[in-house]
1. Residue B:203 is checked against (1) in contact with a strand residue (DSSP E or B) (Cβ under 7 Å, 6 or more places away or on another chain); (2) under 24 Å from residue B:64 (Cα atoms); (3) surrounded by fewer than 21 Cβ atoms within 10 Å (Cβ to Cβ) and fails just one. What number does that condition carry?
2. Which one is nearest to the other protein chains (Cβ to nearest Cβ) among residues in region B:173-193 that are modelled with pLDDT of 95 or more and not in a loop (DSSP other than H, G, I, E, B)?
3. Identify the residue in region A:1-31 that is surrounded by 17 or more Cβ atoms within 10 Å (Cβ to Cβ) and either more than 12 Å from chain B (Cβ to nearest Cβ) or touching a residue at least 40 places away in the same chain (Cβ under 8 Å) (or both) and, among all such residues, is farthest from residue B:75 (Cα to Cα).
4. Does any residue of region B:151-172 turn out to be within 14 Å of chain A (Cβ to nearest Cβ) and in contact (Cβ under 8 Å) with a residue 12 or more places away in the chain?
5. Residue A:158 - would you say it is touching a residue at least 60 places away in the same chain (Cβ under 8 Å), crowded, with 18+ Cβ neighbours inside 10 Å and out of contact with any strand residue (DSSP E or B) (no Cβ under 8 Å at 6 or more places or on another chain)?
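The values are calculated or read from the model by the stated rules, or taken from the named source; none is laboratory data. Just so you know, these numbers come straight off a predicted model, no measurement behind them. For neighbour counting, all protein chains shown are included, and Cβ atoms are generated from backbone atoms with ideal geometry for every residue, glycine included.
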Ligand code: HEM
């Protein structure tokens, strides 16, 4: 039940964007709107995924743990959407421009690197791979922290002058990391 | 001389009731801005209901500088704005400013000229015949638009103040009034917003003092009641809501240039061959369009302005 609800909920931003697109409601700069919203949802879902474990540890309610894989895959889904929108709609598959972006613009470099790190995590997010990889699976999936950091850095680097919003995401990311420290969580739980 | 510190007009007189009504919804949306972190921000993408009436300008002179390219829709040109005084989001200015209408306005003229002083908006506009000029405007963020502006040549205005031989540059300042302009409560830029032009640029016939668009008064979010439009330069040079014009000897320190000198030069001429560190400038996307088109040197106005920069290294003086 919970899983179905979260599945549908995570799909709504994509549905909403599709609806806006079909009804010509994306505003004055449709491609930018799609780029920004897909990027934001990739980052939000990534951070929500990272929030599950500390949330369960702190609350003692462990049901949400089953949602982690699905949420992580959704983060990847929105990142993939974000990348495709950038490649096709923004740069028109013009690879000279894309290559220049990757080499010369740090925020794109970091965005790409983050996507490339997400890719193996998404591919191995199934029972078959989990069994096959054994311990290596866990090690591999520690990369998710780096993905979170990469997503936030990408955002910080692309804004012009106003760091308020990306700063908020950075704060949330750091908080989530802090909440994974045993001494810290036991301190909170003892209260 | 009543140049500095003579605020004959209090900021409160600039605002009107609808502005004060608007304050409340503004405070509410402050919560939205913070909440925007995790909430879907496209819920904020609604049009504010227009509650101010913008007067029309009949009998505008046509201009041979006008382009015949497809004009950007009024909606797009007035809902998607960069005006950090009202917030850094593209829809913030239309959201917070569209219900504001400046009531009284004055411009202080100072510096190296024979006729300094404080001029009311009426003083400023009186002698000039208004014309319509359809210009391309290219933002440094790689979007662009085509807008029918209403105004008159900047050179005609500047002449009236009789600048002297020490007037090498003209410095412009935007209103600083955090009560009216909520974005000024945060230090996203060093307020007040300052822009500047070399005197030869300011007196080029393309430089336009602008008081309207689409045959009507400027809406607040587009820089009412008086702004510049400098069509061969990136949009941030076209300073909005001007309260001060100063003739100076040295190149003025301008807001975006101070904020990030490597990214925004003083000249800021549209130049497809000089990339911004975060954007290639070779292409642009018109508001409302999905595809991109090539950006032209000096935004397609090279015939009129390229001679101003003869012999200059435009990679260095970007
Ligand atoms: C695959 C490589 C990626 C590319 C080429 C890319 C490209 C872009 C571009 C072009 C923008 C808009 C920049 C602007 O408007 O100036 C953007 C914004 C953004 N991207 Fe990415 N990105 C990538 C990966 C990612 C990933 C993996 C995440 C998150 C995990 C992400 C999150 C964001 C966010 C949050 C924004 C800002 C949205 C806003 O300003 O409202 N991106 N990205």
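1. (1)
2. Per the stated criteria, the residue is B:174.
3. To start, the set of residues in region A:1-31 that are surrounded by 17 or more Cβ atoms within 10 Å (Cβ to Cβ) comprises A:6, A:10, A:13, A:17, A:20, A:26-31.
Filter once more, keeping what is either more than 12 Å from chain B (Cβ to nearest Cβ) or touching a residue at least 40 places away in the same chain (Cβ under 8 Å) (or both): A:6, A:10, A:13, A:31.
Numbers: A:6: 36, A:10: 31, A:13: 25, A:31: 17 Å.
Only one residue fits best here, namely A:6.
4. Kept after step one, since they are within 14 Å of chain A (Cβ to nearest Cβ), are these residues of region B:151-172: none.
Within region B:151-172 (the criterion being within 14 Å of chain A (Cβ to nearest Cβ) and in contact (Cβ under 8 Å) with a residue 12 or more places away in the chain), the answer is no, since none of the residues qualifies.
5. no
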